[in-house]
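S.K.: Questions regarding the structure given below will be posed in turn.
The values are calculated or read from the model by the stated rules, or taken from the named source; none is laboratory data. Just so it is clear, the structure is predicted and the values come from calculations on it, not from any experiment. Heads up, the Cβs are rebuilt from the backbone with ideal geometry, glycines too, and the neighbour counts pull from every protein chain shown.
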């Protein structure tokens, strides 16, 4: 059955990208790819086919070509490689920023002491995020901010700082940046669904641009 939602990337055995397309169909023995400019390869050529799936992340397969035209490539599956990223542990590089609603330190609301505090999300997962900020944070600080993705309802997220990463400039040997690893408080199922949808769409965009 045709499935145009699954993006395909084709590599040679040295892992050089040689073509892109969409999944036409697959079973336990064969993957069929459709496209407009697929590589025309000799029969029995070994290739690596990566399938970007909704729920599993990137699934790589080591294959042998059985048919190759500019519009379709059929490949026999020799073995399935290790999954590159699993959705539940998926961590995606991000480029979004938010102003915080509140900052708590030692259970005290100190938001008023940090006017216009902004956090930049460097990566995001269901479990937490890596951020930078225009203010210095401390371990166990708790930040709250509103996250919105497309047409979803705005959700309020609460995160605790559990790690401080100081980036050292290799030339000057001085601190060039400080990032903060944070973990989310228990997420309601709807909040988790919003983040998961963002992560998948963001991963898809990064994968296409790779």
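S.K.: Being in a strand (DSSP E or B), in contact (Cβ under 8 Å) with a residue 12 or more places away in the chain and in contact with a strand residue (DSSP E or B) (Cβ under 6 Å, 6 or more places away or on another chain), is that true of even one residue in segment 183-206?
M.R.: So the first thing to find is which residues in segment 183-206 are in a strand (DSSP E or B), and the list is 183-184.
Checking the rest, the ones that are also in contact (Cβ under 8 Å) with a residue 12 or more places away in the chain come to 183-184.
Remaining after also requiring in contact with a strand residue (DSSP E or B) (Cβ under 6 Å, 6 or more places away or on another chain): 183-184.
Yes, because at least one residue in segment 183-206 is in a strand (DSSP E or B), in contact (Cβ under 8 Å) with a residue 12 or more places away in the chain and in contact with a strand residue (DSSP E or B) (Cβ under 6 Å, 6 or more places away or on another chain).
S.K.: Could we say that residue 79 is at pLDDT below 95 and either crowded, with 17+ Cβ neighbours inside 10 Å or closer than 30 Å to residue 19 by Cβ (or both) here?
M.R.: On the way: at pLDDT below 95: yes; either crowded, with 17+ Cβ neighbours inside 10 Å or closer than 30 Å to residue 19 by Cβ (or both): yes.
Yes; evaluated as a whole, the condition is true for this residue.
S.K.: Given the structure, is residue 180 in contact with a strand residue (DSSP E or B) (Cβ under 8 Å, 6 or more places away or on another chain), surrounded by fewer than 18 Cβ atoms within 10 Å (Cβ to Cβ), in contact (Cβ under 8 Å) with a residue 12 or more places away in the chain and in the same structural domain as residue 127 (by TED's automatic domain parsing)? Give the steps one after another, and end with the answer.
M.R.: Working: in contact with a strand residue (DSSP E or B) (Cβ under 8 Å, 6 or more places away or on another chain): yes; surrounded by fewer than 18 Cβ atoms within 10 Å (Cβ to Cβ): no; in contact (Cβ under 8 Å) with a residue 12 or more places away in the chain: yes; in the same structural domain as residue 127 (by TED's automatic domain parsing): yes.
It is false that residue 180 is in contact with a strand residue (DSSP E or B) (Cβ under 8 Å, 6 or more places away or on another chain), surrounded by fewer than 18 Cβ atoms within 10 Å (Cβ to Cβ), in contact (Cβ under 8 Å) with a residue 12 or more places away in the chain and in the same structural domain as residue 127 (by TED's automatic domain parsing).
S.K.: Then there's this: Which one of these is in contact (Cβ under 8 Å) with a residue 40 or more places away in the chain and not in a loop (DSSP other than H, G, I, E, B): 103, 67?
M.R.: Working: 67 fails: in contact (Cβ under 8 Å) with a residue 40 or more places away in the chain.
Just a single option satisfies the conditions, and that option is 103.
S.K.: Okay, next question. Yes or no: segment 162-173 includes at least one residue that is surrounded by 15 or more Cβ atoms within 10 Å (Cβ to Cβ) and either touching a strand residue (DSSP E or B) at 6+ places or on another chain (Cβ under 6 Å) or in a loop (DSSP other than H, G, I, E, B) (or both). Break it down into steps so the answer makes sense when it comes.
M.R.: Step one: list which residues in segment 162-173 are surrounded by 15 or more Cβ atoms within 10 Å (Cβ to Cβ), which gives none.
Scanning segment 162-173, I find no residue that is surrounded by 15 or more Cβ atoms within 10 Å (Cβ to Cβ) and either touching a strand residue (DSSP E or B) at 6+ places or on another chain (Cβ under 6 Å) or in a loop (DSSP other than H, G, I, E, B) (or both), so the answer is no.
S.K.: When residue 152 is evaluated against the numbered criteria (1) assigned to a strand (DSSP E or B); (2) touching a residue at least 24 places away in the same chain (Cβ under 8 Å), which criterion, by number, is the only one it fails?
M.R.: With respect to (1) assigned to a strand (DSSP E or B); (2) touching a residue at least 24 places away in the same chain (Cβ under 8 Å), residue 152 is out only on (1).
S.K.: Within 30 Å of residue 52 (Cα to Cα) and at pLDDT 80 or above: is that true of residue 161 in this structure? So that I can check it myself, show each step before the final result.
M.R.: Numbers: within 30 Å of residue 52 (Cα to Cα): no; at pLDDT 80 or above: yes.
Here the answer is no, as residue 161 does not meet what is asked.
S.K.: Testing residue 157 on (1) more than 21 Å from the chain's Cα centre (by Cα); (2) under 24 Å from residue 105 (Cα atoms), one condition comes back false. Which one is that?
M.R.: (1)
S.K.: Residue check, residue 111 against (1) farther than 22 Å from residue 167 by Cβ; (2) in contact (Cβ under 8 Å) with a residue 40 or more places away in the chain; (3) in contact with a strand residue (DSSP E or B) (Cβ under 6 Å, 6 or more places away or on another chain), all met but one. Which one?
M.R.: Evaluating residue 111 over (1) farther than 22 Å from residue 167 by Cβ; (2) in contact (Cβ under 8 Å) with a residue 40 or more places away in the chain; (3) in contact with a strand residue (DSSP E or B) (Cβ under 6 Å, 6 or more places away or on another chain) leaves (2) as the failure.
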